[in-house]
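Take a look at the structure set out below.
The values are calculated or read from the model by the stated rules, or taken from the named source; none is laboratory data. Given the structure is predicted, the values throughout are model-derived calculations rather than measurements. Please note: Cβ atoms are built from the backbone with ideal geometry, for glycine as well, and neighbour counts cover all protein chains shown.
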Amino acid sequence: MAESASLFIIIVAGGAGTRMGGTIPKQFLHLQGRAVIRHTMERFYKALPEATQIIVLPQDHLTTFEQTLENDPTTATYQVTTGGETRFHSVKNGLEQIPDTAGVVGVHDAVRPLVSTDVIQKAFATAAEEGNAIPAIPLKDSIRQMEGHRSHAVDRGLFRLIQTPQCFQVHQLKKAYERPFSNSFTDDASVVEAAGYTIHLVPGNEENIKITSPVDIPLAEVLLPGLR
């Protein structure tokens, strides 16, 4: 990756956290005394201090984020914008904050605060060379495919669990997001693939869990100290 390349990271923080069973959005829950979203921002600042972070938030969470940064300031370069009706629209709003088509952009879930420095740097470097890079890890458990009320075993070696940051050359992701929304778009890779691009996988890290349920916070508390 050329040293002069512009780097951006869109951190999508649109969730209300209803599965957590509380009133505080999951991205603002505390993990070892710091908001989850601040851990996430710090991971990217540590890996790519030169990158501009674009934080995408619902309108009614902007004040909470401002208060979070007042209590826990960051030296990262960042800007804030509001999200849309779906994750697709939120990412699209984030992309609109990038003025040109040069450089590399990553899209990351705010509630994945345990992504490793190596994964971030590898994904950005691979995207610069190959057009995109999607972190993925092999499955450990057996899986079965459902067919109505029946199921059958399938080869887990043929499948991967997909993580973020999903990284792309800016022009590629902007071009892909010119497409109209589809319910088949489950992540950024699916949007880019629908636009005709080949998707490149890179190794993720097992600690890079998505905090979505109450059990994930104590698990993250255990994993965080060993993260590099």
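Considering each residue of the stretch 90-104, count those that are surrounded by 15 or more Cβ atoms within 10 Å (Cβ to Cβ) and of a type outside the set (S, T, N, Q), and give that number.
Final tally of qualifying residues: 7.
How many residues does the stretch 49-65 hold that are within 21 Å of residue 24 (Cβ to Cβ) and either modelled with pLDDT under 95 or surrounded by 11 or more Cβ atoms within 10 Å (Cβ to Cβ) (or both)?
10
Taking interchain pairs and intrachain pairs at least six residues apart, which have beta carbon atoms under 6 angstrom, with the first residue in the stretch 72-87 and under 16 Å from residue 28 (Cβ atoms) and aliphatic (A, V, I, L, M) and the second at pLDDT 95 or above and surrounded by 13 or more Cβ atoms within 10 Å (Cβ to Cβ)?
80/55
Taking the stretch 218-228, which residues are touching a strand residue (DSSP E or B) at 6+ places or on another chain (Cβ under 8 Å) and surrounded by 16 or more Cβ atoms within 10 Å (Cβ to Cβ)?
220
Name the single residue, out of those in the stretch 26-48 being of a type in the set (A, V, I, L, M, F, W, C) and assigned to a helix (DSSP H, G or I), that is surrounded by the fewest Cβ atoms within 10 Å (Cβ to Cβ).
28
If I ask for residues that are of a type in the set (A, V, I, L, M, F, W, C) and touching a helix residue (DSSP H, G or I) at 6+ places or on another chain (Cβ under 7 Å), which ones from the stretch 41-54 would you list? Please lay out each step first, then the result.
The initial filter retains those residues of the stretch 41-54 that are of a type in the set (A, V, I, L, M, F, W, C), namely 41, 44, 47-48, 51, 54.
Passing the criteria: 44, 47, 48, 51, 54.
Quickly run through the stretch 71-89 and pick out the residues that are closer than 14 Å to residue 37 by Cβ and not in a loop (DSSP other than H, G, I, E, B).
Residues satisfying the conditions are 71, 78, 80.
Hey, among 185, 159, 168, 124, which residue is of a type in the set (Phe, Trp, Tyr), more than 22 Å from residue 103 (Cα to Cα) and surrounded by 13 or more Cβ atoms within 10 Å (Cβ to Cβ)?
185
Within the set of pairs 6 or more residues apart or between chains, which connect a residue that is over 27 Å from residue 30 (Cα atoms) inside the stretch 113-135 to a residue that is modelled with pLDDT under 95 and assigned to a loop (DSSP other than H, G, I, E, B) with Cβ atoms less than 8 Å apart?
From the stretch 113-135, the pairs are 124/1; 125/1; 128/1; 128/2; 128/5; 129/1.
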